[in-house]
Amino acid sequence: MSTPLENWVEEVSRLTKPKTVVWCDGSEAENNRLTEEMLGDGTFLNLNEHTYPKCYLHRSNPNDVARTEQVTFICTKKKEDAGPTNNWMSPAEGKQRVGPLFDGAMAGRTMYVAPYILGPASSPYSKVGVEVTDSAYVVANMRIMSRMGRVAQERLGSSEDFVPGLHSLGDLDPAKRFVMHFPEEKLIWSVGSGYGGNALLGKKCFALRIGSWMAREQGWMAEHMLILGLEDPSGKVTYMAAAFPSACGKTNLAMMVSALEGEGYRVWTVGDDIAWMHSGPDGYLRAVNPEAGFFGVAPGTNQKSNPNVMKALSRNSIFTNVGLTRNREPWWEGIQDAAPMGLEDWQGRPWTPSLGPAAHPNSRYTVPAQQSPSISKRWEDPAGVPISAIIFGGRRAHLAPLVYESFDWEHGVYVGASMASETTAAATGAVGVTRRDPMAMLPFCGYNMGDYFGHWLEMGKRVKHPPRVFHVNWFRKNAAGQFLWPGYGENVRVLKWMLERIEGRAGARETPIGLVPEEKGLTMSGLALAPRALEELFEVNAEEWKKDLAEVGAFLGKFGERLPVGIRKQMEMQWKRLEQASRG
Ligand code: GTP
Ligand code: SPV
Ligand code: MN
């Protein structure tokens, strides 16, 4: 008797026609074999084996360097179930259009079958996926990013309870690139890209898009959030989850070296990109990190901004689209030293300033989570960690203050739903354009976001002790265009204020948009800001917020009937508070 997995693998190999099929066990030996093959065919380039042991550089096709949201589809029977923020095709049309691209796509290639667990191996909250791919690079990444191989095979057994994901590089023609999700049958198809979230199907495709669909069906939450623990001087650790859009600071916040370590405040990393959260038996929202590694943005990473990850990525790591020094070390803008002589850019060309950045702005490292000195003792706790705060945030050069707290859960859901951020290089398209990005899930919610807001409101009722909700903005600029806030390790000052709010020890000043620290409420010892910077960071301009609210209204209006009453109500209350403020 063959298992459901064997049957599916059989079916896809009839379609894709590979030369050979390899079932991945995730072992060291297998990884060494794949590495040798990739070094042989140029997929991997060796890095300095003394300073970067077991690290490799991969240069992706220059047309394939970021997620491609315009060819990412949610295929539901009814268009309304995908909602106005997703690209939609019917499942039948999706299969008809994309099926032929898989036909014979693996001819002459090896097909890898990579079973993986999302979440701690022994957690009841974890789930199994299986990625079938013709890319050894994808397998090597999945081995770092998830619990891949035998452990997953064992958890699955002969069950049919897995999310199948079919991936082929195809011919990397952007015109034939598709990332398809069939949430009703929990299936993923991706063709024509070998990059990041397009190709590592456990990440955005399963853990977020299919995951968010499952979460609503099953009463939990799948979110684009880091998870961190803030340790206080008594040794107590309080857990927080934060949703910032792509390349807006999740990895850096989750792994920070606290500027207040001398006062006993430390940050521990549980996850850097995705949180799966369930209403726990103790009445708290309990979060697990479905991933096992970090697929992090390289540019801007250095000894000062993120020393933990700099330590972590000096072994067993994969670098994608970074520059290469004559010493065969990875290099990127902001790594701190100036561009060295003899640098090769991310496409292997001798670098000169006229080529632009040597590392692609969305170049990344893939590193095992447990290699970070900041990894939490509880990062694989099968019960998850209890979440006391949810933090929303984005890149906003203007408008949003450094931090504010919502008045209550419902208002907090509105704060998340009305979020906006400037676009980054993590997805193809223009960079720096402000767009609405509710809960940082715009590209990742696998169903109608109107229903998603409703699910958030529901979860607040289901969880006896819902987390406090905050909004942060590390990216506010002054009139000269400079960041007002130093960010990175200094962000702990804001986390400390949140902790004091949670514990009822800090006061707050009410503004029309929420609660901000009282004067001197933020610990500023050891940090000198420019005169007036703090005032500017906390300025709430009612007229500007009214303009923003008009945009929020236009955006949320797209959801029509599907927009929950609670969100409408919050929007009206927001308007009233702003009106009142501008009347003085
Ligand atoms: P994804 O992996 O795409 O989801 O990104 P992310 O949210 O994990 O973002 P990440 O932490 O990798 O940061 C992205 C960029 O923002 C990097 O270039 C960082 O150097 C920069 N950055 C992160 N935190 C801060 C901060 O507090 N202040 C400033 N000014 N920049 C920051
Ligand atoms: C993001 O874009 O939010 C990422 C990188 O985390 S990717 O895996 O490419 O989606
Ligand atoms: Mn992300």
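Coordinate-derived values only; no laboratory data. The structure displayed is predicted, hence computed values, not measured ones. Note that we place each Cβ from the backbone using ideal geometry, even for glycine, and neighbour counts take in every protein chain shown.
For Val163, the residues whose amide H sits under 5 Å from its own are Val128, Gly129, Val130, ignoring neighbours fewer than 5 places away on the same chain, with H placed 1.01 Å from N. For Phe73, the residues whose amide H sits under 5 Å from its own are Val179, Met180, His181, ignoring neighbours fewer than 5 places away on the same chain, with H placed 1.01 Å from N.
Inter-part distance, segment 122-146 to segment 246-272, computed on C-alpha centroids, equals 26 Å. Seen against the Cα atoms of the chain and their longest principal axis, helix 449-462 is set at about 70 degrees.
Amide H contacts of Gly280: Leu285, Arg286, each under 5 Å away and 5 or more positions distant or on a separate chain (H built 1.01 Å from N in the peptide plane; Pro and chain starts excluded). Positive-end ranking of Val552, Ser363, Ser525 along the dipole of the chain, with charges on Cβ about the Cα centre, is headed by Val552.
Considering only C-alpha atoms, what is the centroid distance from segment 361-384 to segment 428-495, in Å? With segment 361-384 and segment 428-495 each reduced to a Cα centre, they are spaced 21 Å.
Placing +1 on the Cβ of every Lys and Arg and -1 on the Cβ of every Asp and Glu, with nothing else charged, gives segment 379-499 a dipole about its Cα centre of roughly 340 debye. Listed by chain and number, the lysines whose alpha-carbon sits under 27 Å from that of Lys311, ignoring those within fewer than 8 places in the same chain, are Lys54, Lys203, Lys204, Lys236, Lys250, Lys377, Lys496.
The Stokes-Einstein estimate for segment 233-337, based on a Kirkwood radius over Cα pairs and taken at 20 °C with 1.002 mPa s viscosity, is a diffusion coefficient of 136 µm²/s.
By DSSP, what percent of the beta bridges with both residues in the chain are antiparallel, rounded to the nearest 5? Rounded to the nearest five, the antiparallel share is 65 percent. Just round it to a whole percent: the fraction of Cα-Cα distances in the chain exceeding 39 Å. Counting every Cα pair in the chain, those more than 39 Å apart make up 25 percent. Each of His471, Ala427, Met459 was scored by the projection of its Cα onto the charge dipole of the chain, and the greatest displacement toward the positive side belongs to His471; charges sit on the C-beta of Lys, Arg, Asp and Glu. In the chain, the longest principal axis of the Cα atoms and the axis of helix 28-41 are about 80 degrees apart. For segment 78-84, 3J(HN,Hα) computed residue by residue from phi via the Karplus equation (6.51, -1.76, 1.60; θ = phi - 60°) reads 9, 4, 4, 6, 7, x, x Hz, glycine and proline entered as x. For segment 169-299, the percent of C-alpha pairs falling in each 5 Å distance bin, counted from 0 to the bin holding the largest distance, reads 2, 10, 16, 18, 17, 15, 9, 6, 3, 2, 1, 0.
A DSSP coil position with no more than 12 other Cβ atoms inside 10 Å describes the following trypsin sites (Lys or Arg not before Pro) in segment 474-568: Arg505, Lys520, Arg532.
To the nearest ten degrees, helix 565-583 and the longest principal axis of the Cα atoms of the chain are 40 degrees apart. Converting phi to 3J(HN,Hα) with the Karplus coefficients 6.51, -1.76 and 1.60 and the offset θ = phi - 60°, segment 351-366 yields 7, 9, x, 5, 7, x, x, 6, 9, 4, x, 9, 5, 9, 10, 10 Hz in sequence order, with x at every glycine or proline. Among Leu260, Leu228, Leu534, sorting on how many other beta-carbon atoms sit within 10 Å of each Cβ, with the fewest leading, yields Leu534, Leu260, Leu228.
Each of Trp485, Gly394, Val415 was placed along the dipole of segment 382-532 (beta-carbon charges, centred on the mean Cα), and the one lying farthest toward the positive end is Trp485. Backbone geometry of segment 389-394 corresponds, through the Karplus equation with coefficients 6.51, -1.76 and 1.60 at θ = phi - 60°, to 3J(HN,Hα) couplings of 9, 10, 10, 9, x, x Hz, x marking Gly and Pro. Residues Ser193, Ser376, Ser123 in ascending order of nearby Cβ atoms (within 10 Å, fewest first): Ser123, Ser376, Ser193. Charge dipole of segment 140-182 (Cα centre as origin; +1 on each Lys and Arg Cβ, -1 on each Asp and Glu Cβ, all else neutral): 200 debye, rounded to the nearest 20.
Mind jotting down the distance between the C-alpha centroids of segment 148-196 and segment 1-75, whole Å? Cα centres, segment 1-75 to segment 148-196: 12 Å.
Charges only on Cβ, +1 for Lys and Arg, -1 for Asp and Glu: so what's the dipole of segment 102-210 about the Cα centre, in debye to the nearest 20? Before the final figure, lay out each step's value.
On the way: 12 positive and 10 negative charges, 85 e Å.
Roughly 400 debye, rounded to the nearest 20.
Given a cut-off of under 8 Å on Cα pairs at least six residues apart, what relative contact order in percent is computed for segment 153-212? About 31 percent, as a whole number. For Lys558, the lysines whose Cα comes closer than 21 Å to its Cα, not counting residues fewer than 8 places off in the same chain, are Lys77, Lys78, Lys79, Lys546, Lys547, Lys569. Other residues within the sphere of radius under 14 Å centred on the Cβ of Glu223, judged by their own Cβ, net out at +2 (K and R +1, D and E -1).
For segment 1-137, what is the percent of antiparallel DSSP beta bridges, rounded to the nearest 5? Given both bridge residues lie in segment 1-137, the antiparallel proportion sits at roughly 60 percent.
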